[in-house]
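Below is one structure, written out as structure tokens; comments come after it.
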Amino acid sequence: MNELSIAFLLFFALFLYIAFVEVRIRGKPNLRPMPALDFLKEAFQKAIESGRPLHVSPGTGTVGEKDTAETLAGLGLLEYAQRQGGLYGIPVTSTFFHPTAMLSGYDFKRKFGPAGGRIYFIAPEKGIYAAGAAEVLKNERPILNLALGPFGYEFLLLSEAAESQGIDQVAGATDPSVLPFVYSSTEHSLIGEEVFAAKAYLAKEPQALAGVIAQDVMRFILIIGITVGVILKTLGVI
Amino acid sequence: MRKVIPILVAVLTGLTVLADFFITHPILDLVGRTLLQWAMIVAAFAFVAGLLNIFFTHTSRVFHREKGWGYSIVVILAMWTVLVFGFVGNGPHGYVVSWIFRYVQYPLQATVMALLAFFALSAGYRAFRRRTLESTIMLLSASLVLLGYAAIMTDLWPVSALKEWVLSVPAMAGVRGILLGVALGITATGLRILIGMDKPYSD
Amino acid sequence: MIYCPNCGTANREGSKYCNQCGARLTPEEGIRCQICGAINSPENEKCVNCGASLKPAPPPEEKPAEELPKVPVFPEEIILTIEEEAPDFLADLRAKVQEVVLPEEEREVVPPEEEKPIFIAEERYEEEKPFEGEELPPPPAEEKPAVAVEYREEELPDWLKEAEEIVLPPEPSASADWLKEVEIPWLEEEIVEVPVLAEIPPWLEALRPVEKAPEAPPPEEEAEEKGVLQGLKGLLKPAAIFGPPEKIPLRGEVAELSLGGEEIQKLIKLKPAVPAVKIKAPPKEIRTHRLIHFILLLAVLIPMLLGWPSMPSGSPPTPPGVEKFFQTVEALPPGSFVLVAFDYEPYMAGEMESVAYPVLTHLKGKGCRVAMISLNPAGPALAQALGERAGFLYGEEFVNLGYIPGVEAGLRALGTSEGWLVRYDYLQGKPLDSFPAFQSVKGLKGWNLIVLFSGQSSTLLGWIEQVGSTVEAPMVAGVISGLKPYAEPYLGSGQLKGLLGGMADAAFYEAMLGKPSAATRAAPVQAFALLIALLVILVGSLMRGESHA
């Protein structure tokens, strides 16, 4: 089993690199439209016109533990928002669950230029984080609540607070037990792996696009493998 | 050179811990364990940065009399109280800190999360009125599951059995699919950092 | 610093490609094609991408003037020549146009023989009158048109030569009858039926220009008497500049225009423009949501106060996971070592304590020695409170091992270390060796049962994957009801020997144990509240809502 895992990882890494080179040579591939991210682009335009800030929450995860990848996806979107904020003067307020993620927030703000907006470290407890972020929403009155990353049930608290203030929302989570809440409480949602594709859609960085392409190919391979395995198992071959 | 060193450190560290997962060797085990402990220590020190952020952010709100500055005073006082008594009372299991946790933090957290039930209901109410195909399917399955959970207290066992089937077959199939996709996304993100393609850290 | 034109990232001086997105920072050497934008080598004459010529075309040679074709280009030129040659049958009409458009003093009074078309720029320029005190610059030299139009007598078409002067009726009548009397001389030779003019439709009639009464001349302005602007008229008074602005009439207040027409008035009275940025107002469904919350509160409060409904006795079948859990604990010999993991956060304690308490009571009744551990920083405090509540004696019947940081990494270290990762207890800080009751267990070896109380899938899966494969002790789990579907596959595969999912399963466990407690009281109330919630959702979905494409 270990050998199979190593082979899978090596193949995935190789294909990731090939996809990266292809994107650099041939340019950006055509990606299927995602309505939530199209709405996000419109929201940036509204933020420029209205002057109200954005609120970005990269989830209730940490950098360094099991939910690092989802937290990095949320931080990638925060980086994009800070970059747009620095270019067009949109204040970006961000709330953090864990200080390891907060350090990245400070880094993005330093790199892309301050355009207003605060960085809040709330608390490394999920319920407390959601309550604190709800208070930030109430005080700052952002035009958009962007919540993307590893969320738990506390997401409901945050989204209801935004909804009661009339704040538009774009949200995404990876935990299947939370996805029903994400889908039902927000109109524009990103489900599961779409969270990882968000940065590729918006920033169109070659490495992010390569990751999306490689994921698609590996998914096809897995589907074929599962289908063949089910058929063989049904026929009694294995 | 200034850009290469961080990438090199990240790649080598990641590959070492990954190799430790697959290969059993005493030296590799020792190095891998040490690196993980260092990561935990660094994460713990990041809390110091978090504490400073809380202190300066809320102090600024108090001085500038921004909206909600009264609550900021409460936050600062609570933070210093727990810190001081934590240092004085030998850690988190000291009498004062334990009392604060048991009679202040725990009831407050439980109360805040008890609101989830109400918010889940209003979110569901809002979603099911959207009149789309997805929300209709969600409404039907939610009705079946809710009825199944309620019927567990009665003799309506066929409803319970149907609920168990819905949860374990179609719902689980969807969950497995999402989990597979998420796992691929996590693997791609990790590999991008391991081979130096992506840099979520600063220079 | 060089800023990338594609993504805006700052790059060091001298960089050729952007570090972030790979776009080129320095302009490439070569010729850029004007058609497709591709960069070509300086030696290329045609673009390698689209084939367009890269060299600019030479300017056309100038031809002498007599070679230029004599083609009339501008209609003014044609009219000029026609006016010179043909009779001036438009003179009367021109006069009428001037009466309508221009105020009286601006109307040119041109003797009939000197009338010229007003739309010829040269003549209009000659008629400009300078302001008082100002000298007109000398008129520019007459510029000949770009294309010379020279019509000689023999070149005129026949129909122009035979053209005669046409006299129009002096006054236009109210209706369009005058149109019927126009004689078109060049059509005399051809008999053409003049089309019968249709009646003017009412909507067009409504747009007929109405003669406007001549306005009173504006009062003569006084000239400035002193200062630099002495002698000038028409200057703004200082007070008018700094005074309040004139009231701009709203659209509804505009006086009827001289053009008239009800349709134009309707066009003017438009609705105000929609603001560019629509700030979403707080939704009106807030009141409905408050009502929903109140209904749910009553659905929970009233049954709790009344003590109804109660747990049904006997007939509902016990879930199989609950039975297996019970049997596994029941099979433990007295004095067994049980490792209990408290991996839920304080906000889940409401449900998880009702799941954990009957299990701890069962373990206490079997005389087991319990060690509590947690992957959550707040877990040890919750474990301590629950252990004391279940009646365990600290140090003899239970010990608190504290918090293990780094979920998976910590579990891996816990599972692979030959010694014991945890050296001191949470409450007293003593070495574990100082507790005689627990000296026979080292690391993960020597335990009779591992019980997991988990509120998150990450911790549950971490224990099963990292520890379950390395220890021989059976593993059972108590989880929140939302996590039960994710844990059941592990029950089916045998990795978990028992499963309690939420308050309802805990109520069944208490019934099997024969010691009803919080779960027995709360589970029926929870079921009733779920039914009410279902009714609210169904009623809400049947009510009129918004429909989305």
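Checking the a/c ratio against 1.5 first, then a/b against b/c, what shape does the Cα gyration tensor give for the stretch C:320-515? Rounded, because the longest to shortest axis ratio a/c is under 1.5.
Annotation note: GluC sites (Glu not before Pro) in the stretch C:424-523 located in DSSP loop regions with a Cβ neighbour count of at most 15 within 10 Å are C:Glu472. Counted by Cβ distance under 11 Å from A:Leu137, the other residues give a net charge of -2, where Lys and Arg count +1 and Asp and Glu count -1.
Phi angles of the stretch C:426-432 translate, via the Karplus equation with coefficients 6.51, -1.76, 1.60 and θ = phi - 60°, into HN-Hα couplings of 7, 7, 10, x, 8, x, 5 Hz per residue; Gly and Pro are given as x.
Relative contact order, whole percent, for the stretch A:51-104 stands at 50, derived from Cα pairs under 8 Å and 6 or more residues apart. Annotation: for a label point projected 7 angstrom from Cα along Cα→Cβ of C:Ala385, residues of the stretch B:83-118 with backbone N closer than 17 Å are B:92-115.
Separation of the alpha carbons by more than 19 angstrom is noted, of A:Lys28/A:Lys204; A:Lys109/B:Lys67; A:Lys66/A:Lys109; C:Lys364/C:Lys515; C:Lys324/C:Lys484, for A:Lys109/B:Lys67; A:Lys66/A:Lys109.
Could you work out [θ]222 nm for chain B from helices alone, using -39500 (n - 2.57) per DSSP H run of at least four and dividing by all its residues? Round to the nearest 500 deg cm²/dmol. Kindly include the intermediate steps, with their values, before the conclusion.
Working: 8 runs with 162 residues, N = 203.
It comes out at -27500 deg cm²/dmol, rounded to the nearest 500.
Once you sort the root eigenvalues of the Cα gyration tensor of chain A as a ≥ b ≥ c, which label holds: rounded (a/c under 1.5), prolate (a/b larger than b/c) or oblate (the other case)? Please list the in-between numbers first.
Working: a/c = 2.01, a/b = 1.61, b/c = 1.25.
Prolate shape, in that a/c is at least 1.5 and a/b is the bigger ratio.
Counting beta carbons within 10 Å around each of B:Tyr71, B:Tyr125 and listing the fewest first gives the order B:Tyr71, B:Tyr125. Taking chain A as a Gaussian network of alpha-carbon nodes connected by springs under 10 Å, the highest mean-square fluctuation of the residues A:Pro33, A:Pro53, A:Pro150 belongs to A:Pro33.
Between the listed residues B:Leu162, B:Thr132, B:Gly177, the Cα displaced farthest toward the positive end of the dipole of the stretch B:130-198, a dipole computed from Cβ unit charges relative to the Cα centre, is found at B:Thr132.
For the stretch A:54-147, averaging the sequence separation of C-alpha pairs within contact (under 8 Å, six or more residues apart) and dividing by the residue count gives a relative contact order of 36 percent. Oblate is the label for the stretch A:1-134, because a/c, from the alpha-carbon gyration tensor with a ≥ b ≥ c as root eigenvalues, is 1.5 or above and a/b does not exceed b/c. Along the stretch B:26-36 the Karplus relation, 6.51 cos²θ - 1.76 cosθ + 1.60 evaluated at θ = phi - 60°, assigns HN-Hα couplings of x, 5, 5, 4, 5, 5, x, 5, 5, 4, 5 Hz to successive residues, with x for each Gly and Pro. Averaged over the residues of peptide A:117-123, the number of Cβ atoms from other protein chains lying within 10 Å of each residue's Cβ is 4.
State to the nearest 20 debye the size of the charge dipole of the stretch C:398-549 about its Cα centre, where the only charges are +1 on K and R beta carbons and -1 on D and E beta carbons. Write down the numbers at each step before the final one.
Numbers: 10 positive and 10 negative charges, 45 e Å.
I would put it at about 220 debye.
Amide H to amide H distances under 5 Å link A:Glu193 with B:Val182, where only residues 5 or more positions off or on other chains count and H is placed in the peptide plane.
Under 5 Å from the amide H of A:Thr62 lie the amide H atoms of A:Asp67, each residue being 5 or more positions distant or on a separate chain, with H modelled from the backbone and absent for Pro and chain starts.
Rank these for me by crowding, A:Leu37, A:Leu209, going from fewest to most other beta carbons within 10 Å. If you can, show how the numbers build up before the last one.
Working: A:Leu37 21, A:Leu209 24.
Lowest count first: A:Leu37, A:Leu209.
Descending by average beta-carbon neighbour count within 10 Å, the peptides B:29-35, A:174-180 line up as A:174-180, B:29-35, the highest first.
Close amide H pairs (under 5 Å, H built 1.01 Å from N) link C:Gly478 with C:Leu452, C:Phe453, C:Ser454, C:Leu500, residues at least 5 positions away or on another chain. Using θ = phi - 60° in the Karplus curve 6.51 cos²θ - 1.76 cosθ + 1.60, the 3J(HN,Hα) couplings for the stretch C:402-410 round to x, 9, 9, x, x, 2, 6, 5, x Hz; x is entered for Gly and Pro.
Go ahead and set up a Gaussian network model of chain A, Cα springs under 10 Å, then flag whichever of A:Ile221, A:Ile143, A:Ile191 fluctuates most. Highest fluctuation of the listed residues: A:Ile221.
Across the options A:Tyr129, A:Tyr88, A:Gly105, the greatest Cα extent toward the positive end of the charge dipole of the stretch A:56-213 (unit charges at beta carbon of Lys, Arg, Asp, Glu) belongs to A:Tyr88.
The numbers here are math on the coordinates, done by the rules we state, and not lab data. The model shown is predicted, which means the values in this text are computed figures rather than measured ones. Cβ: placed from backbone, ideal geometry, glycine included. Neighbour counts: every protein chain shown.
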